[in-house]
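Below you'll find the structure, written out as structure tokens, and then a few comments.
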Amino acid sequence: MSFNTYFDLNDGLKIPAIGYGTWLSDDEEQLEKAIDAALEVGYRHIDGAYVYQNENVIGRVLQKWFSSGKLKREDIFLTTKLPPSGMRPEHVQKFIKESLAALQVDYVDLYLVHVPFGLKYVEGTLYPTSDDGKSDYDANTDHVAIWKAMEELVSLGLTKSIGVSNFNKDQIQRILDNSEIPPCNLQVEHHAYLQQKDLVRFCKENKIVVTAYSPLGSPGLSKLGRETPDLMGHPVVNEIAKKYNKSAAQVLLKHIIQTGIVAIPKSTNPERLRQNIDIFDFSLSDEDLQTMNDLDQNLRILDFKFLFKGIENHPEYPFKELV
Ligand code: A2P
């Protein structure tokens, strides 16, 4: 079984450096087997979200492990997220309670605001659209009021920690300026081609741990018709991998972890998910770290425009530089 290292959050809790990502896992049986395999090989951090619509599977597997005594609730670091259609203070408790029920737990370790922009709340759909096919967004997204409701979740014991995802620097600063509990985590797209050095520096200065989603460049997005860069096929990454007798994926993940960032790779393949956590027995040299740092191309794969048509016009769309 592989071991893991932990990073300290600003609220005193610890987050395992490698987590198991569950986005795009919509085949229940496959996901159930994969989470089982992940727990077997030592993953203790699972990253989910209301909108992934598979929290019930995570809950089922965890319940099996808890009731058999193989794991205790406190052994697992569990993250989930407020959906875009729940982006108003009165919806925050409703959505975390639905997540907790699906996950079959009394609390999560980390609750994140999934995206900075809000969609209209329409019963029965997570992705409301108008007649013209555009995303039906709610332009009055009030981050400060939503954050107050997030803070309340901590006092109610429904989550231990709170943070944000896909927020830019200005949006995080506004929360920092108006919070009693500062965000402890920012989850964003981060990989060799999108290292977000400025944002990462800002988070370090403000004691916010960064979590990298799509750490391998999200090749699985091809199933949604997205073109993705072939990071694992990159000759420089493979050359470094050969030197350490590791795979390209392991080098990509090690690079992230060694710069103090959490990574949540996704895999439904038992051998690959084992490989992705087996990265704690080597370190990249300063020279190789620098070579990896130099691969940055400021290339964003997930700008949300293909998931939410017209979302770039929302006042809180976070990636203005790309519009
Ligand atoms: P699979 O589930 O077949 O292993 P990301 O975490 O950046 O979004 O990337 C996830 C994608 O990368 C999935 O499609 C996954 O496919 C693939 N993947 C995950 N781990 C590895 C690995 N160690 N080697 C090759 N491909 C991997």
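Output the number of the condition that Glu74 fails; it satisfies all remaining conditions of (1) open to solvent by 10 Å² or more (accessible area, probe 1.4 Å); (2) in a strand (DSSP E or B).
That leaves (2) as the condition not met.
Take the stretch 178-187 and flag every residue that is touching a helix residue (DSSP H, G or I) at 6+ places or on another chain (Cβ under 7 Å) and either surrounded by fewer than 23 Cβ atoms within 10 Å (Cβ to Cβ) or within 22 Å of Leu253 (Cβ to Cβ) (or both).
Listed by number, the residues that qualify are Asn178, Ser179, Glu180, Ile181, Pro182, Leu186.
Quick test of your reading of the structure: Leu299 fulfils all but one of (1) open to solvent by 40 Å² or more (accessible area, probe 1.4 Å); (2) part of a helix (DSSP H, G or I); (3) within 15 Å of the ligand (Cβ to nearest atom). Name the failing condition by number.
Leu299 satisfies all of (1) open to solvent by 40 Å² or more (accessible area, probe 1.4 Å); (2) part of a helix (DSSP H, G or I); (3) within 15 Å of the ligand (Cβ to nearest atom) except (2).
Consider Gly69 carefully, then state whether it is in contact (Cβ under 8 Å) with a residue 60 or more places away in the chain and either among the charged types (D, E, K, R) or open to solvent by 10 Å² or more (accessible area, probe 1.4 Å) (or both).
no
Could you check, for the stretch 38-46, whether at least one of its residues is open to solvent by 30 Å² or more (accessible area, probe 1.4 Å) and acidic (Asp, Glu)?
yes
Of all residues in the stretch 9-42, how many are within 12 Å of the ligand (Cβ to nearest atom), farther than 12 Å from Val61 by Cα and either in a strand (DSSP E or B) or not polar (S, T, N, Q) (or both)?
Number satisfying all stated conditions: 7.
Going through the stretch 232-259 one residue at a time, which ones are more than 19 Å from the chain's Cα centre (by Cα) and either hydrophobic (A, V, I, L, M, F, W, C) or within 13 Å of the ligand (Cβ to nearest atom) (or both)? Before the answer, list the steps.
We begin by selecting, within the stretch 232-259, every residue more than 19 Å from the chain's Cα centre (by Cα); these are 232-248, 251.
Selection gives Met232, Gly233, His234, Val236, Val237, Asn238, Ile240, Ala241, Lys246, Ser247, Ala248, Val251.
Let's see how each residue does on (1) within 24 Å of Gln258 (Cβ to Cβ); (2) open to solvent by less than 20 Å² (accessible area, probe 1.4 Å); (3) touching a Lys or Arg at 6+ places or on another chain (Cβ under 6 Å); (4) not aliphatic (A, V, I, L, M):
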position: Lys160; (1), (2), (3), (4): no, no, no, yes
position: Gly163; (1), (2), (3), (4): yes, yes, no, yes
position: Ile172; (1), (2), (3), (4): yes, yes, no, no
position: His190; (1), (2), (3), (4): yes, yes, no, yes
position: Pro219; (1), (2), (3), (4): yes, no, no, yes
position: Ser222; (1), (2), (3), (4): no, no, no, yes
position: Val237; (1), (2), (3), (4): yes, yes, no, no
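Given the criterion within 30 Å of Glu29 (Cα to Cα), more than 9 Å from the ligand (Cβ to nearest atom), within 19 Å of the chain's Cα centre (by Cα) and part of a loop (DSSP other than H, G, I, E, B), identify the matching residue among Phe280, Phe304.
Phe304
Among the residues of the stretch 243-274, which ones are open to solvent by less than 40 Å² (accessible area, probe 1.4 Å), of a type in the set (S, T, N, Q) and either touching a strand residue (DSSP E or B) at 6+ places or on another chain (Cβ under 9 Å) or within 19 Å of Thr5 (Cα to Cα) (or both)?
Listed by number, the residues that qualify are Gln250, Ser267.
Going by the conditions given, is Ser222 in contact (Cβ under 8 Å) with a residue 12 or more places away in the chain and within 15 Å of the ligand (Cβ to nearest atom)? I'd like the intermediate steps shown before the answer.
Numbers: in contact (Cβ under 8 Å) with a residue 12 or more places away in the chain: no; within 15 Å of the ligand (Cβ to nearest atom): yes.
No, not satisfied.
Got a sec? Which helices (runs of 4 or more DSSP H) wholly within the stretch 104-212 have at least 2 residues that are β-branched (Val, Ile, Thr) and over 30 Å from His234 (Cβ atoms)?
Correct list: 143-155, 169-177.
Checking the condition touching a strand residue (DSSP E or B) at 6+ places or on another chain (Cβ under 6 Å) and surrounded by fewer than 16 Cβ atoms within 10 Å (Cβ to Cβ), which residue from Tyr6, Tyr20 passes?
Being touching a strand residue (DSSP E or B) at 6+ places or on another chain (Cβ under 6 Å) and surrounded by fewer than 16 Cβ atoms within 10 Å (Cβ to Cβ) holds for just one of Tyr6, Tyr20, which is Tyr6.
Any idea which of (1) farther than 23 Å from Lys305 by Cβ; (2) at pLDDT 95 or above; (3) surrounded by fewer than 22 Cβ atoms within 10 Å (Cβ to Cβ) is the one Glu123 doesn't satisfy?
(2)
The values are calculated or read from the model by the stated rules, or taken from the named source; none is laboratory data. These numbers come from a predicted model, not from an experiment. Heads up, the Cβs are rebuilt from the backbone with ideal geometry, glycines too, and the neighbour counts pull from every protein chain shown. Ligands, DNA and RNA are stripped out before the accessible areas are found, and what is left, the full protein with its side chains, is counted by its heavy atoms. Shrake-Rupley method; radii C 1.70, N 1.55, O 1.52, S 1.80 Å.
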